[in-house]
1. When you go through (1) within 16 Å of the ligand (Cβ to nearest atom); (2) at pLDDT 95 or above; (3) under 17 Å from the mean Cα position of the chain (by Cα) one by one for Pro224, which number turns out not to apply?
2. Within the stretch 61-83, does at least one residue satisfy the condition of being touching a Pro at 6+ places or on another chain (Cβ under 6 Å) and in a strand (DSSP E or B)?
3. Just need a number here: residues in the stretch 98-125 that are part of a helix (DSSP H, G or I) and within 16 Å of the ligand (Cβ to nearest atom).
4. Give me a count of the residues in the stretch 198-219 that are modelled with pLDDT of 95 or more, in a loop (DSSP other than H, G, I, E, B) and farther than 27 Å from Ala175 by Cβ.
5. What's the number of the condition Val218 fails, among (1) within 16 Å of the ligand (Cβ to nearest atom); (2) in contact (Cβ under 8 Å) with a residue 12 or more places away in the chain; (3) surrounded by fewer than 19 Cβ atoms within 10 Å (Cβ to Cβ)?
6. Test Ala246 against the criterion of being within 14 Å of Ser132 (Cβ to Cβ) and at pLDDT 90 or above, and give yes or no.
7. Can you tell me which residue among Val218, Val236, Val228 is under 17 Å from Phe91 (Cβ atoms) and of a type in the set (Val, Ile, Thr)?
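The values are calculated or read from the model by the stated rules, or taken from the named source; none is laboratory data. Note that the structure is predicted; figures quoted are calculated from it, not measured. Heads up, the Cβs are rebuilt from the backbone with ideal geometry, glycines too, and the neighbour counts pull from every protein chain shown.
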Amino acid sequence: MTYMNPDQSSSDDQRVAASSDWIAARWNKKPRVAIVLGTGAGDVAKAISAEHVFHYLEIPEFPLSTAIGHSGTLVCGTLAGVPVVAMKGRFHLYEGYSVQRATHGIRVMHRLGARTLIVTNAAGGINPQFVSGDVMLISSHLDLMFRPAQPRQVWNFERVPSRRSDQAYDLELMAEAERCAREADFPLYRGVYAGMLGPQYETRAEYRALRKLGGDAVGMSTIPEVCVANELEMRVLGLSVIANVADPDALAPTSGEEVIEFADIAKPKLKRLVENVVQFASNPSLG
Ligand code: HPA
């Protein structure tokens, strides 16, 4: 059985092709890894030896990002010697994008050849053991955005649930990130990422409820990207920078500026993790 999503224009695959063909005509490498650089991933961006930096507005059919802390460029180059393509700036559903548009970049990076996706984000810590500046390894997520992620024009119910929905985050990549954190001697906690639509930060009642539901961190991105990457059968690693710790019983107001400030503490850790996992994922025996 097939079902046409009314939100999707019939030309969606063509839009992905238009973006990726334009990039491929200017950059002749095939990326092994795609990276989404969220708040706190500035050092990762600097570590990439860029061969091309494209502004989203010059890439045909690419959406524009408007959120605080997101500049909107696609960086093509090498990281630790491995060809990578990285989105500096992502698209959030709260900016008004459909899931299809918000995940356009993921599909473009996949079409360029990337079969591994590393997503990073800043999130609020709802596990009371977290402190600001910690990094959490996303082991699973709670999708509270309630928007179906549909990477294809026609959703094929015969493929539902998708192959990796039971393990959206790749176990080998997680183990490698943990090995790297042990070696570098910083804590890396596994946890559940709860995805909310936003854009407002949560109320006390919501933080408390999210904790009861099993969340360790809460944010407003990542889940649509991961679902689409899973559907495209990419290996996924997710890293959350714990920007603010939300204690519902002593709740301090959260601001966008504060989130960016605390994300700074995590920058070197994120750089080390991403560099290691990129090298690990480039090993041809991983597939
Ligand atoms: N809630 C949702 N998203 C966030 C938060 C938060 O507390 N902090 C950073 N991103």
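1. With (1) within 16 Å of the ligand (Cβ to nearest atom); (2) at pLDDT 95 or above; (3) under 17 Å from the mean Cα position of the chain (by Cα) applied to Pro224, the lone miss is (2).
2. Scanning the stretch 61-83 turns up at least one residue that is touching a Pro at 6+ places or on another chain (Cβ under 6 Å) and in a strand (DSSP E or B).
3. Count: 1.
4. Final tally of qualifying residues: 0.
5. It fails just one condition, (3).
6. no
7. Result: Val228 is the single residue among Val218, Val236, Val228 that is under 17 Å from Phe91 (Cβ atoms) and of a type in the set (Val, Ile, Thr).
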